[in-house]
1. Name the pairs whose Cβ atoms lie under 8 Å apart, with the first residue in region 196-213 and at positive phi, the second assigned to a helix (DSSP H, G or I) and away from ligand 1 (no atom under 12 Å from the Cβ), and 6 or more positions between them or separate chains?
2. Answer yes if at least one residue in region 217-228 is in the same structural domain as Gly266 (by TED's automatic domain parsing) and of a type in the set (Ser, Thr, Tyr), and no otherwise.
3. Quick one: which of Arg311, Arg345 is at pLDDT 95 or above and surrounded by 13 or more Cβ atoms within 10 Å (Cβ to Cβ)?
4. Condition first: closer than 20 Å to Ile290 by Cβ and under 44 Å from the mean Cα position of the chain (by Cα). Now tell me which residues in region 308-342 satisfy that.
5. How about region 125-173: which of its residues are closer than 18 Å to Cys47 by Cβ and without any contact (Cβ under 8 Å) to a residue 12 or more places away in the chain?
6. In this structure, does His191 turn out to be over 28 Å from Ile250 (Cβ atoms), within 16 Å of ligand 1 (Cβ to nearest atom), surrounded by fewer than 17 Cβ atoms within 10 Å (Cβ to Cβ) and under 20 Å from the mean Cα position of the chain (by Cα)?
7. If you take the residues of region 227-236 that are in a loop (DSSP other than H, G, I, E, B) and surrounded by fewer than 21 Cβ atoms within 10 Å (Cβ to Cβ), which of them is farthest from the chain's Cα centre (by Cα)?
8. Can you pull out every residue in region 286-306 that is part of a loop (DSSP other than H, G, I, E, B) and either within 14 Å of ligand 3 (Cβ to nearest atom) or of a type in the set (S, T, N, Q) (or both)?
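The values are calculated or read from the model by the stated rules, or taken from the named source; none is laboratory data. Here the structure is a predicted model, which is why all the values come from computation and not from measurement. Neighbour counts are summed over all protein chains in view; Cβ atoms, including those assigned to glycine, are modelled from backbone coordinates with ideal geometry.
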Amino acid sequence: MQGIEAIINGKKIVAEPGMTILQAARANGIHIPTLCDHPVLKPVGACRVCLVEVEKNPKLLTSCSTPLNPGMVVYTHSPRVLEARRAVVELLLVRHPLDCFSCSSNGQCELQDVAYELGIKESRFADEGDTCRDHVIEDANPFYVRDMNKCILCGRCIRTCDSLAQYHAIDFQNRGIKTMVHPPVGKDLEHSDCTFCGQCVQMCPVGALSEKTSKGQGRPWEMESVKTVCSYCGVGCELNIQVNRKTGRIANVKTDYASKTGLNEGRVCVKGRFAWQFVHSDERLTTPLIRENGTFREASWDEALNTVVGRLGHIKEEHGHDTIGFFSSARCTNEENYLLQRLAREVIGTNNVDHCAHL
Ligand code: SF4
Ligand code: SF4
Ligand code: SF4
């Protein structure tokens, strides 16, 4: 298919048909700052940070939602664009407190990055009284905190919940300066359709949504991302575990929506996202336990396996092979489950094999 030719910042570019100005610019190594945009979400042009100037067009256009047409002449950083972009960000800062030092998103906040890029320190529009920063912080659930005082109304969380999580649990409520993201009127998050999958939390470009489970576990720049597979169920979602390099401990779980190796394409459920604390639990079993007279005692692997072999052999001999059943787990790998059913069928001689997912 023939590419579309256009000129961006005086440079002739070729883009794939159907690309927006933003996509074409990125594909050609030209940076345009954004806040509401995310590659896996449908563009809505909500934040207006990606405004660009297009020759013969009297208005500035949102590059994320404007298709690139043949022969377009685009300016991404003209004085007019920069002036408008600065005003847009300063308007967003009207309702955004500048408490970056204590914010969990410090170091990964996209608003911080855009303000830095544009040289903005504060908002000239932030008059006391119309900032709408009196929202109650919502943290009744064990998983994440919603601080709508920091929300810039980009709508990424809403689009994530609609199109990726598909729970439609949240939407814009109210109007004007009172606008906020919330479950339907009269419902709090705990009594909404939210399943606490946390996908909206990862998508939030600022600190309005933050993981409760990772609070105090380390700053974003201290993390090393380690790709692994969730061990909770047979879906086997790919996770990017965030390990604090200083402590060597897990601090958070993220996912990669652009991953070519994960079948979950960045989606996860509440368990994969938030329930990782067992990894560092002191209560994890580290040796086999043998039950004697109603209580457990520690044993070596040799002793434990010999006990199992001896008792299974005894039951089979005394009562027959079909008095034994094997019960496997969704937490095991396919290979482990395969081996268990071979053990059942070939060594013990029973087809009594089942799986915890049946429950
Ligand atoms: S946690 Fe998941 S279900 Fe709940 S609002 Fe966010 S995306 Fe929707
Ligand atoms: S909570 Fe975050 S993702 Fe949702 S609209 Fe506000 S800033 Fe955007
Ligand atoms: S994230 Fe949820 S759905 Fe995915 S493997 Fe883990 S438990 Fe299963």
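1. none
2. Within region 217-228 (the criterion being in the same structural domain as Gly266 (by TED's automatic domain parsing) and of a type in the set (Ser, Thr, Tyr)), the answer is yes, since at least one residue qualifies.
3. Arg345
4. Of everything in region 308-342, those that are closer than 20 Å to Ile290 by Cβ and under 44 Å from the mean Cα position of the chain (by Cα) turn out to be Val308, Ile324, Phe326, Phe327.
5. Asp162 - this is the single residue of region 125-173 that is closer than 18 Å to Cys47 by Cβ and without any contact (Cβ under 8 Å) to a residue 12 or more places away in the chain.
6. So His191 fails the test.
7. Step by step, filter region 227-236, then rank; the result is Gly234.
8. Thr286, Thr287, Asn293, Ser300
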